[in-house]
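**Student:** Please find one structure pasted underneath; my questions will follow.
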Amino acid sequence: MPKPLLEVGGRPFLVWVMREALRWGIEEFVLLAAHLGERVVTSLGELSDALPRSVPIRVGMEPSPCGTGGALRHALPILDEQFLLLNGDSLFLGALGSAFAAFAADGADISCRVSLRAVVNAGRYGVATLRGDEVVGFDERPNGSGPGLINAGIYLMDRRVVELAGPVSSLERDVLPCLVKQGSLRGTVADGWFIDIGIPADLDIARQELPRRMRRPALFLDRDGVLNRDFGWVGSRARWEWMPGAIEAVRAATAAGWHVFVVTNQSGVARGYYTEADVVALHDWMAQTVRLAGGTIDDIRYCPYHPDGTVAGYRRASDWRKPAPGMILDLIRAWELDPAVCALVGDDPRDMAAAAGAGVTGHLFHQGDLTTVVRKILAACEVSSSCDGST
Ligand SMILES: [Mg+2]
């Protein structure tokens, strides 16, 4: 059995890893399945069914064992210009926010950014030496023990890195030292809960703790009047103006270990003011902008319907349209949330009604700085013992 497929909390461990990546907008997975790859292929349905969002999953299987670098090299034809590379048998909660933001700010000469974590005993892992945030040394599994910055197995990289990998090579032994020599490797030191199921004791810890840790509190945000100024029918970036503190509020909630979701009525589609594709494009940009600042919007629900609409196909009532709670309920189902540790911020009584209908606490927002409101919600939850998503 490949380690990533070992059962943890009623599903393959890999599902937890993929679920975390989905929160940062990953739209497709390629599983590099060297060892017992057939088992991975037969598990694809189970993996897909257990994810909160449907995304394509492909398996890149090399013809013969060729190392971690070789496996990546073999997948080169199907890799994007930039991509996220994750170990399938470890999980580092809280690492992706700072990594995405830092990689986006890196210059063109930087081809890879690795997430690092300070540990008391680094003997089992690869250890990095930093100068500023440049990785100037990399030792794989050094002899002896002691504190160190370990390679957490999370890389943001571009295709130039893969071109350095030989057809049979090791990412850790061959490719990373090459990047160090080029001066093109950066490290992001992050803090957070880390588990590597490579040894049985840690597999047991994962089985005990992971389901609880991944059942995070969730912040639902209305869009118009909360994230952006409500000019009426905002369907394009030209008409988008962030509310004060909106981006920082999302970053703070993400950093506290919360899911962040957007639930928004967009009857402008049904009324013919803009198209559904316009809404999706605007939301992609909105989520990307937040990610460049270190936060994330995990998922979005919008309702394009209205009973008085003029556009065929969108003229109808919908139980997703607030004040009905359909969008919130759908997110609770997909992400397996506990409504008791969810909160919604909206600027309209319909938002409050939708929250109540889903069993979620609603907070009415009247202008001002969104960060102030969100920090109060985060702090109140921290005080109650039921919220432990971040630690
Ligand atoms: Mg609103």
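The values are calculated or read from the model by the stated rules, or taken from the named source; none is laboratory data. Not measured: the values here are computed from a predicted model. Don't worry about glycine lacking a Cβ; one is built from the backbone with ideal geometry, like all the others, and counts go over all protein chains shown.
**Student:** So is Val262 in contact (Cβ under 8 Å) with a residue 40 or more places away in the chain, buried (at least 20 other Cβ atoms within 10 Å of the Cβ), β-branched (Val, Ile, Thr) and farther than 25 Å from Arg23 by Cβ or not?
**Tutor:** no
**Student:** On to the next question. Among the candidates Ala334, Ala317, Ala287, which residue alone is over 27 Å from Pro217 (Cβ atoms), modelled with pLDDT of 95 or more and of a type in the set (A, V, I, L, M, F, W, C)?
**Tutor:** Ala317
**Student:** Considering only residues that are assigned to a helix (DSSP H, G or I), in contact with a Ser or Thr (Cβ under 8 Å, 6 or more places away or on another chain) and more than 16 Å from the ligand (Cβ to nearest atom), which ones fall in region 269-286?
**Tutor:** Asp278 - this is the single residue of region 269-286 that is assigned to a helix (DSSP H, G or I), in contact with a Ser or Thr (Cβ under 8 Å, 6 or more places away or on another chain) and more than 16 Å from the ligand (Cβ to nearest atom).
**Student:** Next up: Can you say whether Leu179 is away from the ligand (no atom under 15 Å from the Cβ) and in contact with a helix residue (DSSP H, G or I) (Cβ under 6 Å, 6 or more places away or on another chain), as far as the supplied structure shows?
**Tutor:** No.
**Student:** Here's another thing I want to ask about it. Looking only at region 166-179, which residues are aliphatic (A, V, I, L, M) and under 27 Å from the mean Cα position of the chain (by Cα)?
**Tutor:** Matches in region 166-179: Leu171, Val175, Leu176, Leu179.
**Student:** So in region 326-348, with the set limited to residues that are out of contact with any strand residue (DSSP E or B) (no Cβ under 8 Å at 6 or more places or on another chain), touching a residue at least 12 places away in the same chain (Cβ under 8 Å) and in a helix (DSSP H, G or I), which one is farthest from the ligand (Cβ to nearest atom)?
**Tutor:** Result: Ala340.
**Student:** State all residues of region 361-385 that are of a type outside the set (Ser, Thr, Tyr) and more than 16 Å from the ligand (Cβ to nearest atom); if no residue qualifies, say none.
**Tutor:** Once the filter is applied, which keeps residues that are of a type outside the set (Ser, Thr, Tyr) and more than 16 Å from the ligand (Cβ to nearest atom), region 361-385 yields Asp369, Arg375, Lys376, Ile377, Leu378, Ala379, Ala380, Cys381, Glu382, Val383.
**Student:** Tell me whether region 190-201 contains one or more residues that are away from the ligand (no atom under 16 Å from the Cβ), more than 26 Å from Ala34 (Cβ to Cβ), of a type outside the set (Gly, Ala, Ser) and surrounded by fewer than 21 Cβ atoms within 10 Å (Cβ to Cβ).
**Tutor:** So far as region 190-201 goes, yes, one or more of its residues are away from the ligand (no atom under 16 Å from the Cβ), more than 26 Å from Ala34 (Cβ to Cβ), of a type outside the set (Gly, Ala, Ser) and surrounded by fewer than 21 Cβ atoms within 10 Å (Cβ to Cβ).
**Student:** Take Ser115 and tell me if it is within 22 Å of Ala152 (Cα to Cα) and of a type in the set (S, T, N, Q).
**Tutor:** yes
**Student:** Given Gly70, Gly88, Gly94, which one is touching a residue at least 24 places away in the same chain (Cβ under 8 Å), outside any strand (DSSP E or B) and either of a type in the set (Phe, Trp, Tyr) or over 25 Å from Pro2 (Cβ atoms) (or both)?
**Tutor:** Gly94
**Student:** Something else: If Thr310 satisfies all but one of (1) away from the ligand (no atom under 16 Å from the Cβ); (2) crowded, with 17+ Cβ neighbours inside 10 Å; (3) polar (S, T, N, Q), what's the number of the condition it fails?
**Tutor:** (2)
**Student:** Related question: Looking at region 228-268, which of its residues are closer than 22 Å to Trp335 by Cα, over 15 Å from the mean Cα position of the chain (by Cα) and within 12 Å of the ligand (Cβ to nearest atom)?
**Tutor:** Val263, Thr264, Asn265
**Student:** Would you say Pro323 is closer than 28 Å to Gly357 by Cα, buried (at least 22 other Cβ atoms within 10 Å of the Cβ) and either within 16 Å of the ligand (Cβ to nearest atom) or not charged (D, E, K, R) (or both)?
**Tutor:** no
**Student:** Determine the pairs where a residue that is hydroxyl-bearing (Ser, Thr, Tyr), located within region 36-53, has a partner that is surrounded by 13 or more Cβ atoms within 10 Å (Cβ to Cβ) with Cβ atoms under 9 Å apart, the partner being 6 or more residues away or on another chain.
**Tutor:** Ser43/Pro2; Ser43/Leu5; Ser43/Pro12; Ser43/Leu14; Ser48/Val55; Ser48/Ile57
**Student:** If Gly146 satisfies every condition in (1) surrounded by fewer than 18 Cβ atoms within 10 Å (Cβ to Cβ); (2) of a type outside the set (D, E, K, R); (3) touching a residue at least 60 places away in the same chain (Cβ under 8 Å); (4) outside any strand (DSSP E or B) but one, which is the exception?
**Tutor:** (3)
**Student:** Taking region 208-227 as the search range and keeping residues that are farther than 21 Å from Gly268 by Cβ and modelled with pLDDT of 95 or more, which one is farthest from the ligand (Cβ to nearest atom)?
**Tutor:** For region 208-227, the residue satisfying everything is Pro217.
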